[in-house]
Amino acid sequence: MTASPQKPIPFIDLNAQQQRIRDQIETRIKTVLDHGKYIMGPEVREVEEKLAAYVGVKHCITCASGTDALLMALMAYNVGPGDAIITTPFTFISTAEVISLLGARPIFVDIDPVTFNIDPAKIRAVLDNEIVTSSKVRGIIPVDLFGQPADYEEINAIAREYDLFVLEDAAQSFGAEYRGKKCGALTEVAATSFFPAKPLGCYGDGGAVFTDSDALADRLRSIRVHGKGSDKYDNVRIGINGRFDTLQAAVILAKLEIFDEEIQLRQKVARRYGDLLKGLLETPTVKPDRTSVWAQYSVLSSQRDNLMTHLKEHGVPTAIYYPKPLHLQTAYQYLGYGAGDFPVSESIAQRIFSLPMHPYLQPEVQEFIKEKVKGKREKGKGKG
Ligand SMILES: *Cc1c(COP(=O)(O)O)cnc(C)c1O
């Protein structure tokens, strides 16, 4: 058996990353302290240019969080009361929350059992069943869960057919690719998050919207600053205070330098897990025409809760994303959904959990985690 690792195993190791680029981060932050332009300083423009080029779209509009990015995108389409938006119930609350905040109605559609992303065939089924809602369906928000892009070819085709917009929730997938294109460039508009634990994270809250559309970009820049017109005291629409801090832009600029290398490292860690855990757990599958940035490494086990307790006893942290699908949340009781409405999401929610995942996870630690998973299986043998 592998010896216990010397240090506690972190679920995500932001310290290892910081140690690598601490000097660059300090230099970037010092520049901001020297020029003092804390709101919409030059780093914000610089990071927007670099991120737009990275993704391969014309416009990047940074903002205060991934949630604001989703909200601003829906506001740019004038989503409001009487509208409905299709999305997945197996996601973080933000994805659906922004729909409700604007007075529109989320329509949930179940997921694919292999990728955990929204199932395009089920989107079509809902759109063909018009009695489902008296609201007007305006758009679709697919989520690239755990870093793997959703089925954009199929989803975009459905959207064209039914005249809907598609807003990619790329909060977990920034840096991933689908058929040679980067997440953020797969739909008319996309939103991402720079929350510290995301693949590209700052040291606080942050996010960005991506689009090729000049008209959407103009509306987004206005919505970001209280619906400003020619200046911030000319208000042409209702907006929000949604700006990205200059200091956070400075942090992203330093981290962007090593981001591609970190993605490679994440993919290496995921491959190693795949090899080590084969036959012990149901490991994740990435479709051949896309890549994942592994925001989470999520596995399935029918003995999930026992296994998580066992791992915890041996110092291996785990987490459940997500224990309760959104249609079963108290906040969404008003939509009238119930248990059994989205059986794939419900079944996955009972079996899924995530293992430590970050670019600096060492092979010995992964080996240790495997030994603990295996030990539990052997102990549990014969007990069903
Ligand atoms: C993190 C996350 C968000 C929200 O991002 P914040 O920056 O925390 O507001 C939205 N959608 C998904 C799928 C996420 O994982």
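What the table below lists for this structure:
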quantity: For region 144-255: rounded, prolate or oblate by the Cα gyration tensor [a/c cutoff 1.5]; calculated: oblate
quantity: Debye log10 I(q)/I(0) for region 26-126, one point scatterer per Cα, at q = 0.12, 0.17, 0.20 Å⁻¹; calculated: -0.60, -0.92, -1.05
quantity: Region 221-338 - Rg and Dmax from Cα coordinates, angstrom; calculated: 21.8, 62
quantity: Proxy reagent accessibility, fewest Cβ within 10 Å first, across Ser134, Ser100, Ser94; calculated: Ser134, Ser100, Ser94
quantity: Cα-Cα pairs of region 1-74 separated by more than 17 Å (percent); calculated: 68 percent
quantity: For region 269-319, the spread of Cα positions along each principal axis, largest first, Å; calculated: 38, 20, 16
quantity: Net charge over other residues, Cβ less than 9 angstrom from the Cβ of Arg224 (K, R count +1; D, E count -1); calculated: +2
quantity: Highest average packing first - 268-277, 167-176, 214-223, 229-238, Cβ atoms within 10 Å; calculated: 167-176, 214-223, 268-277, 229-238
quantity: Residue exposure sequence - Thr192, Thr115, Thr91 - by fewest surrounding Cβ within 10 Å; calculated: Thr115, Thr91, Thr192
quantity: Relative exposure of Lys181, Lys37, judged by other C-beta atoms within 10 Å (fewest first); calculated: Lys37, Lys181
quantity: Over 23 Å between alpha carbons, listed pairs Lys7/Lys324; Lys182/Lys278; Lys198/Lys324; Lys7/Lys312; Lys232/Lys255; Lys58/Lys182; calculated: Lys7/Lys324; Lys182/Lys278; Lys232/Lys255
quantity: The chain - mean residue ellipticity at 222 nm from DSSP helices (-39,500 (n - 2.57) per run, n ≥ 4, rounded to 500); calculated: -12500 deg cm²/dmol
quantity: Highest-fluctuation residue, Gly103, Gly139, Gly180 considered, GNM on the chain with Cα pairs under 10 Å; calculated: Gly180
quantity: Inter-part distance where region 253-300 and region 341-355 are each reduced to a Cα centre, Å; calculated: 20 Å
quantity: Amide H partners (placed H, <5 Å) of Phe165, local residues excluded; calculated: Gly139, Ile140
quantity: Alpha-carbon Rg with Dmax, taken over region 88-131, Å; calculated: 11.5, 33
quantity: Cα-based Kirkwood hydrodynamic radius, region 209-289, one decimal, Å; calculated: 16.8 Å
quantity: Largest-first principal axis extents of the Cα set of region 295-353 (Å); calculated: 42, 21, 20
quantity: Global form of the chain, assessed from the alpha-carbon gyration tensor, a/c cut-off 1.5; calculated: oblate
quantity: Rg over Rh [alpha-carbon atoms, Kirkwood Rh] for region 184-250; calculated: 1.02
quantity: Cβ crowding within 10 Å averaged over residues, with 21-27, 198-204, 283-289 ranked highest first; calculated: 198-204, 283-289, 21-27
quantity: Among Val299, Val114, Val55, residue whose mean-square fluctuation peaks in a GNM of the chain (springs only between Cα atoms under 10 Å); calculated: Val114
quantity: Largest-first principal axis extents of the Cα set of region 41-198 (Å); calculated: 51, 33, 28
quantity: For region 132-202, fraction of C-alpha pairs farther apart than 19 Å, in %; calculated: 34 percent
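Just so you know, all these numbers are worked out from the coordinates, no wet-lab data involved. Here the structure is a predicted model, which means the values were calculated and not measured. Because the Cβ atoms are built from the backbone with ideal geometry, glycine has one as well, and the counts that use them run over all protein chains shown.
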